[in-house]
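The values are calculated or read from the model by the stated rules, or taken from the named source; none is laboratory data. None of the values given here were measured: they were computed from a predicted structure. Please note: Cβ atoms are built from the backbone with ideal geometry, for glycine as well, and neighbour counts cover all protein chains shown.
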Amino acid sequence: MKKLMIASVAATLLFSASAYALEAPAKASTCIGCHGADGNSVVPNFPKLAGQHASYTASQLKDFRDGVRKNATMAPFAKGLTDQEITDLANFYAAQQAK
Ligand code: HEC
């Protein structure tokens, strides 16, 4: 019985984690104006994030946040993001279809 409960909790966690990855994280609302709702920006000045490797997006966001990659436009939006928020944003954009 105990094993069964553990298995069902694990399955629920797995399911909610994968469902969450496809849902836009709250912070993504601040990125829409430039990068589009699904990471497909329509303005050439703003890079597309859709379909990009999550590890690349996450490392760029950390670099902007920590001042390693300098860009006056991006810096204020990366500032204050937690590692978890960066992971969620990177996973979200990686799961989107590049158009
Ligand atoms: C005001 C417009 C603007 C907003 C809002 C904005 N960005 Fe950006 N973003 C840019 C620009 C411009 C660049 C290119 C910077 C450069 O040339 O280095 C960029 C670059 C990036 C990159 C690097 C892409 C690459 O291919 O190297 C990532 C990742 C990124 N933005 C994520 C985000 C996320 C996540 C948010 C919301 C939290 C966000 N941006 C909000 C304008 C914006």
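Considering (1) assigned to a helix (DSSP H, G or I); (2) at pLDDT 85 or above, say which one Gly39 fails and leave the rest.
Only one criterion is unmet by Gly39, namely (1).
Taking Leu81, is it in contact (Cβ under 8 Å) with a residue 60 or more places away in the chain and within 10 Å of the ligand (Cβ to nearest atom)?
It is false that Leu81 is in contact (Cβ under 8 Å) with a residue 60 or more places away in the chain and within 10 Å of the ligand (Cβ to nearest atom).
Quick check, is Ala98 surrounded by fewer than 15 Cβ atoms within 10 Å (Cβ to Cβ) and of a type in the set (A, V, I, L, M, F, W, C)?
yes
Looking at Asn45, is it exposed (fewer than 13 other Cβ atoms within 10 Å of the Cβ) and either under 12 Å from Gln96 (Cβ atoms) or of a type outside the set (A, V, I, L, M) (or both)?
yes
Mind counting the residues in the stretch 44-62 that are without any contact (Cβ under 8 Å) to a residue 40 or more places away in the chain, within 9 Å of the ligand (Cβ to nearest atom) and not hydroxyl-bearing (Ser, Thr, Tyr)?
Of the residues in the stretch 44-62, 6 are without any contact (Cβ under 8 Å) to a residue 40 or more places away in the chain, within 9 Å of the ligand (Cβ to nearest atom) and not hydroxyl-bearing (Ser, Thr, Tyr).
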